[in-house]
Every structure is written in C-alpha cells, then in structure tokens.
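S.K.: Pasting a structure here, questions to come.
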Amino acid sequence: MLDTRGLVIGELAVRQKFLSRAQLDEVVALQQRNGFTQPLGALMLEKKLLSREQLDHLLREQKQAIADYERQLSVSGLFGRIAIDQGFLGEPQLAEAIRRQLARDAEGKHTKIGQILLQMRALTPAQFWTIIKSQGVFKCGACGHLLDQPRLENSAIHCEKCGKPALSLEEG
Ligand SMILES: [Zn+2]
C-alpha cells in the first residue's frame, strides 16, 4: 500500500536538511523493493538516515504541513487509485509521481498529479482522459468549454471546440 504520509515526512526531512534527496531516493527505492511492507519513517530510522529526535521534531513541528499535504495528496491518491484499478499504473509509478509533486511544490510550482503522470509517460492522454471522465469534468483552459470528446494526441489533449491544447505534456 502506498505510504503517502511517509512520502510527506521524507520530503519535509529533505527540506529541513536532515537528509539529502539522494538518500531519500535510496530509501524510497528500498521501500519499493520490499513491497511497501515498512513505513518510510521506520525505514529512515532503521537506516539511521533520521534520528528519533528528528522524526519527532518533524511530526511535532510540521503537523500542519503534514495535514495540509495529506489533504492535497488524498486527491492525488484518488486519481492514482483509479489509474491503478484500471490497470494503467503500478504503485511504484504513483509513488514516484507523488514525490515529484511534492518536490515541485517545494519550488512553488504546484502541479496536478495527472499532469505529472502524463509528463512521466506513465499514462497516455487516452488513459488520462478515461480517469478524468470517471471523476467529473475538465474545462478547456483556453475557451472554458467542458470537454466531452477531446482530440487525444501523443503530447496533448485538444479541446473539441476551439482546437487548442487543453492540456499539454510540455512543462509550463
Ligand atoms: Zn477550448
């Protein structure tokens, strides 16, 4: 099972410079190899990447940040869960996408999980559209049209009304 709380704690630990991003990457890869059997926090303690005091500090001082991220990630988690249930995605890919989302957030660039998965090529635009349709509505950013049957290309989803890319895989 995906450990979103662990991912948030790991990200905050990197921001506090308790460990490096490379060290976090390693421990996340280890968690994945073990089949997500251990929470990331416990693994970081076991590998001595984090002391008990540092972990306690994060849980105490970053309570609000953790809660905010968990709320935000529950949306990402739902999108990801649908993708996994549809057989489009595996948990390691979703974990990676959530990590990228958290890292971008640290740079002040909030990006939706679906867009990150598209950029990773973990989802095709057609798969992305299948999930969006099952979740609700998606508006064209250019003309505001509610997309119903957009034109799906390799690099973008085009609005059926104005023809502009309603969602592009390019960074931006
Ligand atoms: Zn449009």
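S.K.: Could you work out how far apart the two model spin labels at Leu30 and Gln119 are, taking each label as a point 7 Å from the Cα in the direction of the beta carbon, and quote it in nm?
M.R.: Rounded to a tenth, the inter-label distance reads 2.9 nm.
S.K.: Using a Debye calculation, one point per C-alpha and no hydration shell, please list log10 I(q)/I(0) for the chain at q = 0.11, 0.12, 0.15 Å⁻¹ in order.
M.R.: Once normalised to I(0) and log-transformed, intensities are -0.51, -0.59, -0.85.
S.K.: Pairing the Cα long axis of helix 52-61 with the longest principal axis of the chain, what angle in degrees results, from 0 to 90 and rounded to the nearest 10?
M.R.: The angle comes out near 50 degrees.
S.K.: Run the helix sum for the chain: -39,500 (n - 2.57) per DSSP H stretch of 4+ residues, divided by residue count, reported at 222 nm to the nearest 500 deg cm²/dmol.
M.R.: Using -39500 (n - 2.57) per qualifying helix, the result is -18000 deg cm²/dmol.
S.K.: How high is the FRET efficiency between Ala106 and Ser74 when r is their beta carbon distance and R₀ equals 25 Å, given to the nearest 0.05?
M.R.: 0.85
S.K.: Amide H to amide H under 5 Å from Leu167: which residues, 5+ apart in sequence or cross-chain, H placed 1.01 Å off N in plane?
M.R.: For Leu167, whose amide H was placed from the backbone, the distant partners under 5 Å are Ile157.
S.K.: Could you check the simple spin-label distance between Arg81 and Glu46, using points 7 Å along Cα→Cβ, in nm with one decimal?
M.R.: Taking the simple label geometry, Arg81 and Glu46 are separated by 2.6 nm.
S.K.: Would you please put 97-109, 117-129, 53-65 in order of how densely packed they are, using the mean number of other Cβ atoms within 10 angstrom per residue and starting with the highest?
M.R.: 117-129, 97-109, 53-65
S.K.: Excluding same-chain residues fewer than 8 positions from Lys164, which lysines have a Cα within less than 29 Å of its Cα?
M.R.: Correct list for Lys164: Lys109, Lys112, Lys133, Lys139.
S.K.: Let me have the relative contact order for segment 4-119, percent, based on Cα pairs under 8 Å that are six or more residues apart.
M.R.: 28
S.K.: Here's another thing I want to ask about it. In degrees, nearest 10, range 0 to 90: what is the angle between the Cα axis of helix 4-15 and the longest Cα principal axis of the chain?
M.R.: Its long axis makes an angle of about 70 degrees.
S.K.: I would also like to ask the following. Quick one: 3J(HN,Hα) in Hz for segment 141-150, Karplus 6.51/-1.76/1.60 with θ = phi - 60°, rounded, Gly and Pro as x.
M.R.: x, 7, 10, x, 5, 7, 5, 10, 10, x
Here, each number is a calculation from the coordinates, and none is a lab measurement. The structure presented is a predicted model; accordingly, all values stated were derived computationally and were not measured. Neighbour counts are summed over all protein chains in view; Cβ atoms, including those assigned to glycine, are modelled from backbone coordinates with ideal geometry.
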